[in-house]
Amino acid sequence: MPHRLSAVWRAKLQGISLLLLAALLALPATAQMGGFGRKGMGGERPAGMQDNSSVSSDGVERLEHEITATGLSVAFPTEFECAPIASPFASPDRFDGSTRRGDRNSGLHGGMDLSLKEGTPLLAISSGEVIARGEGGRLEGIYLWLRHAPADTGLPFWVFIKYQHLAALPVPNVGDRVQVGQVIGLSGNTGTTGGAFGAAGYPHLHLSAFYGPRSEYIKKGMFNSMVQGQGAALDDPLILYLQGVSDLKQVRNVSNEHRQISIAVVGEDGAVYPTGSKSVWPVRCKRK
């Protein structure tokens, strides 16, 4: 009899365990991985913020956005030579001219790429706060997120910037404050090996920018690596350098003669040119 009772209780306990496991698996990935909130640590998802991420057949986590080109371009100080944009925002082509897959953002680039040697120091585009860092999946690699308040950039938005494919985990920790032009990590090729980039991968910096009206955000995705600011929209990182803009829609109405933006830079001496600029190019530039 004791053996039969033990067997019955074991069966009941196994049934309870299976029910608990099924309930856990039914939760959103973000709830399983630590939740939401301003610091990404607890709290509830703000109303209206949906997790529209998915994993495609090639195992790459994807998040769909509406993307339209801005037509913005850069003009560096004449006395400096800087790393150019290899693939701009909303481009259908990669750095080598090959066509992007059409199953993400309608085949359009969701950021801008700079082709860089591995180990190139990466700079904080503006002063801000580190809100996330870690290692994601394919086409993401090691990443760092910065949040910039309007006072940091001079823009009327909260800006969320993501640096991808870093060589190693960045030194700044979540919650640290960084200053414009400060070295925050080193470029690499993490997350790029295989697929379209081949076995060697593609050493570069992928930079994404989200602009929104509020400071709050959530972390989501299977690696908890996707930050979504409340009400924030993905758009061209070059908007960060465009002063006098009060609305993202206004960017598309900028006249052609004002679409080329003068970019402030950091020289090899670590100084910002022009002095006092709130936003700089994400890598140092060489004086000619």
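Each peptide in 232-239, 197-204 gets a packing score, the mean of other Cβ atoms within 10 Å over its residues, and the list from highest to lowest is 232-239, 197-204.
Calculated accessible area for the range 193-288 comes out at 45 Å² per residue, all protein chains present (probe 1.4 Å; ligands, DNA, RNA ignored).
Computed from point charges on the beta carbon alone (+1 for Lys and Arg, -1 for Asp and Glu), the dipole magnitude for the range 179-262 about its Cα centre is near 160 Debye.
3J(HN,Hα) couplings calculated from phi for the range 186-194 with the Karplus curve 6.51 cos²θ - 1.76 cosθ + 1.60 (θ = phi - 60°) are, in sequence order, 10, 5, x, 10, 4, x, 10, 6, x Hz; Gly and Pro show x. Between Thr78 and Asp96, the contour length at 0.36 nm per residue exceeds the Cα-Cα span by 3.8 nm. Sequence-ordered 3J(HN,Hα) estimates for the range 267-282 from the Karplus curve with 6.51, -1.76 and 1.60 and θ = phi - 60° stand at x, 5, 7, x, 8, 8, 10, x, 4, x, 5, 7, 9, 10, 5, x Hz, glycine and proline given as x. Distant-in-sequence amide contacts of Phe80, defined by a placed amide H-H separation under 5 Å and a gap of 5 or more residues or a different chain, comprise Lys288.
Note on Arg138 and His65: the model spin-label points, each 7 Å out from Cα along the C-beta direction, lie 2.1 nm apart. Distance between the C-alpha centres of the range 234-269 and the range 162-228: 21 Å, rounded to the whole angstrom. In order along the range 219-225, phi translates into HN-Hα couplings of 10, 8, x, 5, 10, 6, 9 Hz, rounded to whole numbers, per the Karplus curve 6.51 cos²θ - 1.76 cosθ + 1.60 with θ = phi - 60° and x for Gly and Pro. Residues whose amide H comes within less than 5 Å of that of Ala132, counting only those at least five positions distant or on another chain, are Trp145 (H built at 1.01 Å from N in the peptide plane). Anything over 28 Å Cα to Cα? Flag those among Lys117/Lys278; Lys220/Lys286; Lys162/Lys288, in the order listed. Pairs exceeding the cut-off: Lys220/Lys286; Lys162/Lys288. With all protein chains in place and a 1.4 Å probe, the accessible surface of the range 186-288 carries 50 percent carbon and sulfur.
In the context of the full set of protein chains, the range 120-161 has a per residue accessible area of 23 Å² (1.4 Å probe).
The values are calculated or read from the model by the stated rules, or taken from the named source; none is laboratory data. All figures in this text were calculated on a predicted structure; none of them were measured in a lab. No Cβ is skipped: glycine too gets one built from the backbone with ideal geometry, and neighbour counts run over all protein chains shown. Only protein heavy atoms, including side chains, enter the accessible area calculation; ligands, DNA and RNA are left aside. Shrake-Rupley method; radii C 1.70, N 1.55, O 1.52, S 1.80 Å.
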